[in-house]
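Asks: Structure in structure tokens, see below.
The values are calculated or read from the model by the stated rules, or taken from the named source; none is laboratory data. Remember, it's a predicted structure, so these values are computed and weren't measured experimentally. As a convention, Cβ positions derive from the backbone with ideal geometry for all residues, glycine included, and neighbour counts pool all protein chains shown.
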Amino acid sequence: MKIVPKNLLQKLTVRFKNILMAFCIFTLFIGTFEFLLRTTHLFNARISWAKTDPLFAWVNTPGATYWQLKENDHPITGKINKYGFRDNEWSLAKPPGTYRIAVLGDSYVEALQVESENSFLSLTAQVLNNNRKIKVELMNFGQSGFTQTDELITLKNKVIQFSPDMVILLFVPGNDIDDISKETASSSFRSFYNFDSNGQLILDTSFNKTRSYKIRSLLSPLKQHSALVSLILERYNAYVSSRAQKVTAPQNSIDGYLSLATKSPAPAFLRSYNLCKLLIKTMADICLEKKIKFMLVTIDNGSTYLPNVEGQYKAMDATFNVNFFEDDLSEYAKSLDIEYIGLQRVFRESYQNNSVLLHWGHWNYEGHKLVAEALSDKLNNIIHLNQ
């Protein structure tokens, strides 16, 4: 048997001790930094409360806590319920004496920019439950990034099981149109509805077969357990997104989804908008079949309620109609025989009367109050007729 020289053995022992020491120091540093990020939220670090999903790409993790500091001047915290939505816990069976309203939408409905009790849904529920014999329950099925594709899936797979008396869908001119089709979406990392050879809707979930989805699925558990990993990946994704943005010349014409509000709509966005409307009809038909009342709400179109912004668009195209989506979808709702609220004029009139801004990026506190006022007025009449 070959004998290892004593001096070589000593060198190997010293090297091993040095490596072990370096590893311990590195582990201690990472652990300390992780603890610092979790407790102080330095650099806005937080543990992710989302996970990958083969249908929705991303969903909220049931039971996860969230911490967000965006748009508001202080962080918003809370807990996702066991069904994966930002709301109180629900019972699957509708409680006796309850009028149950399920609300579908994207980040405007999820409303992570304000405390849950200050969201338009909570404020609306407070008004509706004032001096009423039955309890009105508004259920928040909103999630950031949702389009009508995700909302239709959610309606069929999740909402119906709660036996709602009414479903409200909030439509967002902008993201809903942009992201509904691969033709206009900035990312294909999501599900899309297409048409088969017979003109029937088919769901394309091919994104979940991609290398990108597999990598994100592997990293997802790490993000849910490490603020450091979440921070690194968030910064990396932001960097990639900024690099992908094209440098464009100063805008002198109206393009994208807003071109639909002119006499020269962009064909690709018109096709996407028509697909949105078809999916809205599909949801309305599902509710009609199950004797569930359905309401469509068109939210304000970003900052176009501000007179100077409307003026800028009219300067680019005199045919620009700031009320296009509200008016068009109002007529569409009539054709479907469903309830409808348009918030574009509501926001414009409020600003003209009070000169109070209603957004940060999403609705601010005043915006949520205004939406709650419009929604509660409409729902009060509907619920009264159904009592």
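Asks: Being surrounded by 21 or more Cβ atoms within 10 Å (Cβ to Cβ) and over 30 Å from GLN161 (Cα atoms): is that true of GLU310 here?
Replies: No.
Asks: Scan region 198-221 residue by residue and report those that are among the charged types (D, E, K, R) and crowded, with 17+ Cβ neighbours inside 10 Å.
Replies: Scanning region 198-221 gives a single hit, ARG216.
Asks: Run down VAL167, VAL159 and say which single residue is modelled with pLDDT of 95 or more, buried (at least 17 other Cβ atoms within 10 Å of the Cβ) and touching a helix residue (DSSP H, G or I) at 6+ places or on another chain (Cβ under 7 Å).
Replies: Step by step, each of VAL167, VAL159 is checked, and only VAL167 is modelled with pLDDT of 95 or more, buried (at least 17 other Cβ atoms within 10 Å of the Cβ) and touching a helix residue (DSSP H, G or I) at 6+ places or on another chain (Cβ under 7 Å).
Asks: Checking VAL322 against (1) touching a Ser or Thr at 6+ places or on another chain (Cβ under 9 Å); (2) farther than 20 Å from GLY367 by Cα; (3) β-branched (Val, Ile, Thr): exactly one of these is not met. Which one?
Replies: Checking VAL322 against (1) touching a Ser or Thr at 6+ places or on another chain (Cβ under 9 Å); (2) farther than 20 Å from GLY367 by Cα; (3) β-branched (Val, Ile, Thr), the one that fails is (2).
Asks: All but one of (1) assigned to a loop (DSSP other than H, G, I, E, B); (2) closer than 23 Å to TRP360 by Cβ; (3) within 16 Å of the chain's Cα centre (by Cα); (4) not polar (S, T, N, Q) hold for LEU55, so report the exception by its number.
Replies: Among (1) assigned to a loop (DSSP other than H, G, I, E, B); (2) closer than 23 Å to TRP360 by Cβ; (3) within 16 Å of the chain's Cα centre (by Cα); (4) not polar (S, T, N, Q), the lone unmet condition for LEU55 is (2).
Asks: Of the residues ASP73, ASP106, only one is among the acidic types (Asp, Glu) and in contact (Cβ under 8 Å) with a residue 40 or more places away in the chain; which?
Replies: Only one candidate passes the filter, namely ASP106.
Asks: Follow-up. Tell me whether region 184-197 contains one or more residues that are at positive phi, in contact (Cβ under 8 Å) with a residue 60 or more places away in the chain, surrounded by fewer than 20 Cβ atoms within 10 Å (Cβ to Cβ) and not charged (D, E, K, R).
Replies: Among the residues of region 184-197, not one is at positive phi, in contact (Cβ under 8 Å) with a residue 60 or more places away in the chain, surrounded by fewer than 20 Cβ atoms within 10 Å (Cβ to Cβ) and not charged (D, E, K, R), which makes the answer no.
Asks: Right, something else. Is it the case that some residue within region 41-49 is among the aliphatic types (A, V, I, L, M) and either under 30 Å from ASP204 (Cβ atoms) or in contact (Cβ under 8 Å) with a residue 40 or more places away in the chain (or both)? Talk me through it step by step, then tell me what you get.
Replies: First, the residues of region 41-49 that are among the aliphatic types (A, V, I, L, M): 42, 45, 47.
Then drop every residue that is not either under 30 Å from ASP204 (Cβ atoms) or in contact (Cβ under 8 Å) with a residue 40 or more places away in the chain (or both), which leaves 45, 47.
Checked region 41-49: at least one residue is among the aliphatic types (A, V, I, L, M) and either under 30 Å from ASP204 (Cβ atoms) or in contact (Cβ under 8 Å) with a residue 40 or more places away in the chain (or both).
Asks: Looking only at residues that are within 17 Å of VAL309 (Cβ to Cβ) and of a type in the set (A, V, I, L, M, F, W, C) in region 345-387, which one is surrounded by the fewest Cβ atoms within 10 Å (Cβ to Cβ)?
Replies: So the residue we want is VAL356.
Asks: So which of VAL309, VAL297 is of a type in the set (A, V, I, L, M), in contact with a Leu (Cβ under 8 Å, 6 or more places away or on another chain) and either closer than 29 Å to HIS368 by Cα or in a loop (DSSP other than H, G, I, E, B) (or both)?
Replies: After applying the criteria, what remains is VAL297.
Asks: Then there is this: For LYS246, all conditions in the list (1) at pLDDT 95 or above; (2) in a loop (DSSP other than H, G, I, E, B); (3) basic (Lys, Arg) hold save one; what is the number of the exception?
Replies: Evaluating LYS246 over (1) at pLDDT 95 or above; (2) in a loop (DSSP other than H, G, I, E, B); (3) basic (Lys, Arg) leaves (1) as the failure.
Asks: Scanning for something at pLDDT 95 or above and in a helix (DSSP H, G or I), does region 91-108 turn up at least one residue?
Replies: yes
Asks: Take the conditions among the aliphatic types (A, V, I, L, M) and not in a helix (DSSP H, G or I) and apply them to ILE215. Does it pass?
Replies: Working: among the aliphatic types (A, V, I, L, M): yes; not in a helix (DSSP H, G or I): no.
It is false that ILE215 is among the aliphatic types (A, V, I, L, M) and not in a helix (DSSP H, G or I).
Asks: In contact (Cβ under 8 Å) with a residue 24 or more places away in the chain and either surrounded by 15 or more Cβ atoms within 10 Å (Cβ to Cβ) or in a helix (DSSP H, G or I) (or both): does that describe ASP327?
Replies: No: the conditions fail for ASP327.
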